[in-house]
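Step one of this worksheet: look at the structure below.
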């Protein structure tokens, strides 16, 4: 299964981008604890609960081979192996059982598992990915063209 690393952590233990806070970072299973300027005690830190933190792209580590950041996948053209364009990646969802690509097309949207079997090729340079969807996942008018 392809891994889509979260925006801060790339899946390798202790591998976090530089420049977050003052360098004192402690990863936990569902959160990252970081020391940041202007926050000196727990009460101040509690006021930041739920606040989204963003990093400049240059602060993120390079994704390993066959790893992709969500932002890199969103907006890619989605094509069948024949080259027929079927839509665009609108979002990447993960509800715990693996990443899903939300593909927006003229009939609405379809969720495709982000696995090698369903998405055998991701070409970031060409801004496209090739899909081999299981039968029944694409709108009915596309079913005969999957060939």
query = For the stretch 70-93, how many residues are out of contact with any helix residue (DSSP H, G or I) (no Cβ under 9 Å at 6 or more places or on another chain) and touching a residue at least 60 places away in the same chain (Cβ under 8 Å)?
reply = 3
ask   = So how many residues does the stretch 72-87 have that are on the phi < 0 side of the Ramachandran plot and within 14 Å of the chain's Cα centre (by Cα)?
value = 4
remark   = Flagged in the stretch 91-118 as in a loop (DSSP other than H, G, I, E, B), under 11 Å from residue 133 (Cα atoms) and within 14 Å of the chain's Cα centre (by Cα), in numbering order, are 114, 115
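Report yes if residue 138 is touching a strand residue (DSSP E or B) at 6+ places or on another chain (Cβ under 8 Å) and either part of a strand (DSSP E or B) or at pLDDT 95 or above (or both), otherwise no.
In short, no.
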inquiry  = Given (1) modelled with pLDDT of 80 or more; (2) under 18 Å from residue 128 (Cα atoms); (3) surrounded by 12 or more Cβ atoms within 10 Å (Cβ to Cβ), identify the lone condition not met by residue 65.
reply    = (3)
message = Can you go through 127, 116, 104 and tell me which one is at positive phi and at pLDDT 90 or above?
response = 127
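The values are calculated or read from the model by the stated rules, or taken from the named source; none is laboratory data. Everything quoted here is computed from the prediction, not taken from an experiment. Positions of Cβ are backbone-derived with ideal geometry, glycine not excepted, and every protein chain shown enters the neighbour counts.
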